[in-house]
Structure formats: structure tokens, C-alpha cells
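Trainee: Dumping the structure here so I can ask a few things about it.
The values are calculated or read from the model by the stated rules, or taken from the named source; none is laboratory data. For clarity, every value in this text was computed on a predicted model and none was experimentally measured. Here the Cβ positions follow ideal geometry from the backbone for every residue, glycine too, while neighbour counts run over all protein chains shown. Quick note on the areas: whole protein, heavy atoms, side chains included, nothing else; ligands and nucleic acids left out. Shrake-Rupley method; radii C 1.70, N 1.55, O 1.52, S 1.80 Å.
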Amino acid sequence: MNIDLDDRQRGIVDEAAEFARTVLAPRAQENDEKGVFPREVLKQMAERGYLGATVPQEYGGLGLDPVAYGLLVAAIESGDCAASRLLTVHVALVAEAILKCASTEQIREWIPRLARGETICAFALTEPDHGSDAAGIQTAYTVHGDEFRLNGRKRWITFSGIADLLLVIARNEETVSAFLIESATEGVRIIPQRGLMAGKACHISEVVLEDVVVSKKNMIGQPGQGFTYVVNAALDHGRYSIAWSGVGLAEAAVDAMVSYAKKRSQFGAKIGTFQLVREMIAEAVARVYAAKSLCLRAGETRRAGKPDSIIESTIAKHFAAGAAFRTACDAVQIHGGNGFSNEYPVERYMREAKVLEIIEGTAQIQQMVISMHGLRRFGRG
Amino acid sequence: MRAKIRSVIENNLNVFDSDVEFSDDDNIFRKGFVDSLFAVQLLDYLEQEFRIKISSQDLNIDNFYSVNRIISFVEEKRRQDGGTSA
């Protein structure tokens, strides 16, 4: 597959693949078991500039274009899903939303700190009773002169357990707005969520806001434009990022299944010689190729600034997430009983792949959007 | 410009009744002709098609809720930016 990247970006992506293989992958299982994303790994990611992956170089970021960013995410995902999820939250959801919707002063204040990894971010949209129905959030704000006061409860907030800064979406009756709130602000409580199937090292937590006072200068975007612009822009970038996570996870699962099929013998032959095993390998390889092609197509569309980039990213996310899950399931299947053991990575891949079909819009929400696109685009004759 | 803007809206309608019509003053979001994702998509379209730069201060749905509003916005930005005609 010929991918158009300049030498600088190609070098960054290649180094990220090596970093994922040598630093991230060996610790991923331990992190998953302990439920912790190590600070030292986070520090290494920051030093390499990954936490400012798409941030313009003038603000201290790597300034990767959408295609290079996607390849970076896929490389990181193949080493450790948690590290990749940090990129989605910190870079795609928060940094991109700030770059798109914040004032120049806000961008100058926050973006260099985000790019250096001095400030870690989380995106606080989802609530206990509002997931897919994000427009119905109940977290409320009231206006008091030049200040706002927020009350409410957010849930499933990835990396909020270690985040310094939260991008919080709240409403004042019908007016939905976005706020940057430091986690250390009085009235903010972070409650880690336990017993999760996946994302165990992602510090997923509840964020409780009790009479949290926020300065007017910390509102992002215009009052009342929080959902239309901040949320939609953030989730668009988030979906694109998760699409590439699907590619990275599917590639890791194919690697694992093929490696095992070449080594494991049954009935006196390597299981990779059996036709039914090879059928699973064939389908997995085809899915990886298709998912990567869709992501590259979405990336090229984004790089060109075309309006279709939103639907292209949605289609890529939907397909790649499903491809990752089906491929991870087949990787477990090829491993047989060993696939259930955490001595092999495929059980973790399967758990983590399921998440991709839910976060940044469930498969069913993507289907609603894609079907609408199909109803518009086709059958006009 | 009017025809181009009407066309991009028509290509993104959320309704399939071939008889549906919207006026140049209709609030296309409030009337459910398009969804909020279109608001973000529209930004990319306007920047590319009409060679304008939309800043964060411009991100207010009041600038984009009808054909006439969009035209006024683009014309004003062109005046400010000294942009070229598409």
C-alpha cells in the first residue's frame, strides 16, 4: 500500500512502531492487570511528542497530518490499547476541539502545555443516563456575573482518573456550552470505576461536579455552541482516531493468530495448514486490508479538508471497529483454550476490540448516520 | 453562491420526501432538514468552496442556520479577508 508521507512524518511513525513493540507491548498485560497506566510511559510518550501529535509545530506539537496521525495511532494501538486511547482522548477529543473552537488566547494558554504533556486531558461528556443521547445531558451550569457554577455527574470519562484538565459539557436549560476545568478545582471529585471488562489501564472514572466555579475565560467556544461545534468537532476527530485503533488492533490480532498457527501443531501438522483455520486467517487479512484502506481514504479526505471527511471517518470507524472485534474473536478461536489465558495477548485484544464498537458512537449510532448518507447518496434514479 | 449553498444543503437533507422544499430563510436546523453534524461539515465546505477562513469567534449557529444567513456570512468574511470569488 503506497502511503504518501514526507520523510519527517514517516520517521515519526516508524519510531512509534518501534516504541510500541519495545516499550508498550511488553508492559501492556501488566498494566491491564494492575489497572494503571504508568507515569513513566506517559512521560516517554510526552517526550516523543505523541501528546501533541496533531498540534501545529508553532505550539510545540509534531504537526502530523491526518494520515500520519492515523498511522501513529495504529502503531501505538498494536502495542498497548491504553496508550492509544490516551491519544484519542488527549489529542483527538480535547486538543483538536480547543484548536477548532477556542479563542487565540485560550489556544496559547493551553495547547503548548497539552503538547508537552504537562497537562493531561479528559473529555467529560457522557453521563449515567446519557450516552448515545449526548444532546440530553443533565449536568447544569448557571451564570453568575463573569463566572459559571456547574453541578452534575459525568461517567465513563477515559483517563479522568489522572487528568489535570477536563473539557466538560454542560447545559443551562436549552443552552449547551463547553468549559475547561482543572481537576484540582474545588468541588471536582474523581471516582474511579472498577470492574470493567476492558480499558482497565485507562483510568476510567466518574467526574462529580458540586458547585464548581468556573471563570468566564474558561468557556470554550460561544455560549450555546457547545454541542453543535465543540462536541461534534471533538467526536469527529475521536471517531477518526478510533477507526485507526481498529486497524492497529486488528493488525495485532492477525499477527498473533498467524504466529500461533505457524507454531501450534495438532494431528501431526501445523494448524496453519488446516483449511478451516486458513479461512479465518484469509478473512482476517482481508478485513485488515479493507479497514486500513477505508482509514487511509478518510485520512486523505481530511488532509484535503473535504466536507465528506465526516462521513468517510464514520464509515471507517464503523468498519474498522467491527473488523478489529471479529479478527480478535478469530484470533482467540485459533488459539483454542490458550486463547482464554492471559499468557497470550489475544484475550485482551478481544476485550479491547469490543470497546471500539461502543466508544465515540456505538455501531448502531454509526449505522444510523451511514444509512442516512446512503439514503441521500444512492437510489436517485 | 446561492445555488451552491442550496445544493450542499439538498445533498445533506435528513428527509426523503421528494416534494420537500425549504426557503432561503428557513432555519434548516430547527426544522430538522439537517442534523448538527452538518454544522461542522458546512464549515469545511464553506472554507474550501469560498476560500474563507472561519475563526472560533464565527462558530455560532446564527451565522449558518439559513441559506440567506450563510450567504451574508460568506460575503462578510470575503469583505474582511479580501477573499477571492469562487
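Trainee: Quote the charge dipole size of the protein assembly as shown about the Cα centre in Debye, to the nearest 20; the model charges only the Cβ of Lys and Arg (+1) and of Asp and Glu (-1).
Mentor: Details: 54 positive and 62 negative charges, 205 e Å.
Magnitude of the dipole: close to 980 debye.
Trainee: Let me ask something additional. Quick one: in the range A:63-159, what % of C-alpha pairs are over 17 Å apart?
Mentor: Numbers: 2964 of 4656 pairs.
Distances greater than 17 Å cover 64 percent of the Cα pairs.
Trainee: For the range A:77-191, what proportion of DSSP beta bridges, expressed in % and rounded to the nearest 5, is antiparallel?
Mentor: Details: 14 of 19 bridges.
Roughly 75 percent of the beta bridges in the range A:77-191 run antiparallel, per DSSP.
Trainee: How high is the relative contact order of chain A, given as a whole-number percent (alpha carbon pairs under 8 Å, six or more residues apart)?
Mentor: Numbers: 715 pairs, mean separation 59.4, N = 381.
Relative contact order for chain A comes out at 16 percent.
Trainee: Treating only the Cβ of Lys, Arg, Asp and Glu as charged (+1, +1, -1, -1), what charge dipole size does the range A:312-381 show about its Cα centre? Round to the nearest 20 debye. Numbers along the way, then the final one.
Mentor: Working: 8 positive and 7 negative charges, 89 e Å.
Value, rounded to 20: 420 debye.
Trainee: Another question, then. Could you tally the net charge around A:THR104, taking each other residue with its Cβ under 14 Å from the Cβ of A:THR104, Lys/Arg +1 and Asp/Glu -1?
Mentor: Numbers: positive: A:LYS100, A:ARG108, A:LYS217, B:LYS53; negative: A:GLU58, A:GLU105, A:GLU109, B:ASP58.
Net of charged neighbours comes to 0.
Trainee: While we're looking at this one, here's another question. Using just the helices of chain A, give the 222 nm mean residue ellipticity in deg cm²/dmol: DSSP H runs with n ≥ 4 each add -39,500 (n - 2.57), and the total is spread over all residues, rounded to 500. Please report the intermediate quantities before stating the final value.
Mentor: Details: 12 runs with 186 residues, N = 381.
When only DSSP H runs of four or more count, the value is -16000 deg cm²/dmol.
Trainee: On the principal axes of its Cα set, how long, how wide and how thick is chain A? Give whole Å, largest value first.
Mentor: 78, 57, 43
Trainee: Ok, one more. Binning at 5 Å from 0, report for the range A:293-352 what percent of all alpha-carbon pair distances ends up in each bin.
Mentor: Spelled out bin by bin, the range A:293-352 gives 4, 20, 19, 13, 11, 11, 10, 7, 4, 1 percent.
Trainee: A further question on this structure: Would you kindly calculate the translational diffusion coefficient of the range B:2-81, applying Stokes-Einstein with the Kirkwood radius from alpha carbon pairs, for 4 °C and a viscosity of 1.567 mPa s, and quote it in µm² s⁻¹ without decimals? Please list the in-between numbers first.
Mentor: Numbers: Rh = 12.9 Å.
So the translational diffusion coefficient is about 101 µm²/s.
Trainee: Turning to a different aspect of this structure: List the residues of the range A:356-381 that lose 40 Å² or more of accessible area once all protein chains are present, compared with their chain alone (1.4 Å probe, heavy atoms only, no ligands or nucleic acids).
Mentor: A:MET372, A:ARG376
Trainee: Mind checking the angle between helix A:275-303 and chain A's longest principal axis? C-alpha axes, 0 to 90 degrees, to the nearest 10.
Mentor: Taking the Cα atoms of chain A, the angle to A:275-303 is about 30 degrees.
Trainee: On to the next question. Sort A:GLU347, A:GLU105 by heavy-atom solvent-accessible area, probe 1.4 angstrom, most to least.
Mentor: Working: A:GLU347 35, A:GLU105 125 Å².
Highest to lowest solvent-accessible surface, that is A:GLU105, A:GLU347.
Trainee: Based on the alpha carbons, how large is the Rg to Rh ratio for the range A:259-381 when Rh follows Kirkwood? All intermediate terms of the calculation are to be shown ahead of the outcome.
Mentor: Values: Rg = 17.8 Å, Rh = 16.3 Å.
Looking at the range A:259-381, the ratio lands at 1.09.
Trainee: State in Å² the accessible area per residue of the range A:1-135; use a 1.4 Å probe, count heavy atoms of protein chains only, and round to the nearest integer.
Mentor: On the way: 5190 Å² over 135 residues.
Roughly 38 Å² per residue, with all protein chains present.
Trainee: Right, another one. Using a simple charge model, +1 on the beta-carbon of Lys and Arg, -1 on the beta-carbon of Asp and Glu, nothing else, what dipole does the range A:7-119 show about its Cα centre, in debye to the nearest 20? Present the calculation step by step, with values, prior to reporting the outcome.
Mentor: Details: 13 positive and 17 negative charges, 30 e Å.
Roughly 140 debye, rounded to the nearest 20.
Trainee: Name all residues of the range B:30-48 having a backbone nitrogen under 15 Å from the label point set 7 Å from the Cα of B:VAL20 along its Cα→Cβ direction, giving them as ranges.
Mentor: B:30-39
Trainee: Of A:LYS100/A:LYS216; A:LYS100/A:LYS306; A:LYS217/B:LYS31; A:LYS292/A:LYS354, which pairs sit farther than 21 Å apart, going by alpha carbon to alpha carbon? Show your work: numbers first, answer last.
Mentor: Details: A:LYS100/A:LYS216 19 Å; A:LYS100/A:LYS306 16 Å; A:LYS217/B:LYS31 33 Å; A:LYS292/A:LYS354 18 Å.
The pairs that break the limit, which is 21 Å between Cα atoms, are A:LYS217/B:LYS31.
Trainee: Oh, and also: In a shell of Cβ-Cβ distance under 10 Å around A:LEU294, excluding A:LEU294 itself, what net charge do Lys and Arg (+1) and Asp and Glu (-1) give? Write down the numbers at each step before the final one.
Mentor: On the way: positive: A:LYS292, A:ARG297, A:LYS317; negative: A:GLU312.
Charge balance near A:LEU294 sits at +2.
Trainee: Okay, next question. Set Lys and Arg Cβ to +1 and Asp and Glu Cβ to -1, take the dipole of the range A:122-224 about its Cα centre, and tell me which of A:MET197, A:ASN218, A:ALA140 lies farthest positive.
Mentor: About the Cα centre, the residue reaching furthest to the positive side is A:MET197.
Trainee: Rounded to the nearest 100 Å², what is the sum over both chains of accessible area buried where B meets A, with a probe of 1.4 Å? Show your work: numbers first, answer last.
Mentor: Values: alone 5420 and 17020 Å², together 20330 Å².
Buried surface at the B/A interface: approximately 2100 Å².
Trainee: Does any residue of the range A:303-320 lose at least 30 Å² of accessible area with all protein chains in place compared with its chain alone, and if so which ones (probe 1.4 Å)?
Mentor: Buried by 30 Å² or more upon assembly, which counts only protein chains, are A:GLY305, A:PRO307, A:ILE310.
Trainee: In whole percent, how big is the carbon plus sulfur part of the accessible area of chain A, probe 1.4 Å, protein atoms only? Could you put the intermediate results ahead of the total?
Mentor: Values: 8040 of 15950 Å².
Carbon with sulfur: 50 percent of the solvent-accessible area.
Trainee: Output the 0 to 90 degree angle, nearest 10, between the alpha-carbon long axis of helix A:7-19 and the longest principal axis computed from the alpha carbons of chain A.
Mentor: 70 degrees
Trainee: Also, I was wondering about something else. A:ARG194 to A:ILE370: FRET efficiency via 1/(1 + (r/R0)^6), r the Cβ-Cβ distance, R0 41 Å, to the nearest 0.05?
Mentor: Values: r = 35 Å, r/R0 = 0.84.
For R0 = 41 Å, the calculated efficiency reads 0.75.
Trainee: Shifting gears a bit: For the full complex of protein chains and a 1.4 angstrom probe, list A:HIS90, A:HIS144, A:HIS318 by accessible area with the highest value first.
Mentor: Numbers: A:HIS90 0, A:HIS144 85, A:HIS318 55 Å².
Sorted by accessible area, descending: A:HIS144, A:HIS318, A:HIS90.
Trainee: Report, please, the projected area of the range A:7-119 averaged over directions, based on the convex hull of its C-alpha atoms, in nm². Working shown, then result.
Mentor: Numbers: hull surface 26.0 nm².
For the range A:7-119, averaging the hull's shadow over all directions gives 6.5 nm².
Trainee: Using a 1.4 Å probe on the heavy atoms of the protein chains only, list every residue of the range B:7-37 that has 30 Å² or more less accessible area in the complete assembly than in its chain alone.
Mentor: The answer is B:ASN11, B:ASN14, B:PHE16, B:SER36, B:LEU37.
Trainee: Starting from the Cα of A:LYS200, draw a straight line to each of the aspartates and glutamates and keep only those under 18 Å, dropping any in the same chain fewer than 8 residues away.
Mentor: Here the aspartates and glutamates satisfying the reach criterion relative to A:LYS200 are A:GLU30, A:ASP32, A:GLU33, A:GLU40, A:GLU77, A:ASP80, A:GLU343, A:GLU347, A:GLU352, A:GLU357, A:GLU360.
Trainee: Using a 7 Å offset from the Cα along the Cα-to-Cβ direction at both A:ARG264 and A:GLU186, what is the distance between the two label points in nm, to one decimal?
Mentor: 5.9 nm
Trainee: While we're here: What GluC sites (Glu not before Pro) does the range B:6-51 have in DSSP loop regions with at most 13 other beta carbons within 10 Å?
Mentor: Values: sites: B:GLU10, B:GLU21, B:GLU47, B:GLU49; in loops: B:GLU21.
In loop regions of the range B:6-51 (DSSP not H, G, I, E or B), the sparsely surrounded GluC sites (Glu not before Pro) are B:GLU21.
Trainee: Let me ask something additional. What are the aspartates and glutamates whose alpha-carbon lies under 18 Å from the alpha-carbon of B:LYS77, with same-chain residues fewer than 8 places away excluded?
Mentor: The reachable aspartates and glutamates, counting only those whose Cα sits under 18 Å from B:LYS77, are B:ASP44, B:GLU47, B:GLU49, B:ASP58, B:ASP62.
Trainee: Let me check something: with ligands and nucleic acids excluded, how do A:LYS263, A:LYS292, A:LYS306, A:LYS317 order by accessible area (1.4 Å probe), largest to smallest? Don't skip to the answer; put the middle values down first.
Mentor: On the way: A:LYS263 145, A:LYS292 45, A:LYS306 100, A:LYS317 0 Å².
Ranked list, largest accessible area first: A:LYS263, A:LYS306, A:LYS292, A:LYS317.
Trainee: Next question. Is it possible to state the helix-based mean residue ellipticity at 222 nm for chain B, with each DSSP H run of 4+ residues giving -39500 (n - 2.57), the sum divided by total residues, to the nearest 500 deg cm²/dmol? What is it? All intermediate terms of the calculation are to be shown ahead of the outcome.
Mentor: Working: 3 runs with 39 residues, N = 86.
Rounded to the nearest 500, it is -14500 deg cm²/dmol.
Trainee: With angles folded into 0 to 90 degrees, how steeply does helix A:104-116 sit against the dominant principal axis of chain A? Use alpha carbons for both and round to 10.
Mentor: So the helix axis and the longest Cα principal axis differ by about 40 degrees.
Trainee: For the range A:122-224, what is Rg from Cα atoms divided by 2.2 N^0.38 Å, rounded to two decimals?
Mentor: Values: Rg = 13.1 Å, N = 103, 2.2 N^0.38 = 12.8 Å.
Compactness ratio reported: 1.02.
Trainee: Something else about it: Can you give me the accessible area per residue for the range A:227-376, using a 1.4 Å probe, in Å²? Display every interim value, and only then the final one.
Mentor: Values: 6190 Å² over 150 residues.
Averaged over the residues of the range A:227-376, the accessible area is 41 Å².
Trainee: First measure r as the distance between the Cβ atoms of B:SER55 and A:LEU276, then evaluate 1/(1 + (r/R0)^6) with R0 = 56 Å and state the FRET efficiency to the nearest 0.05.
Mentor: 0.45
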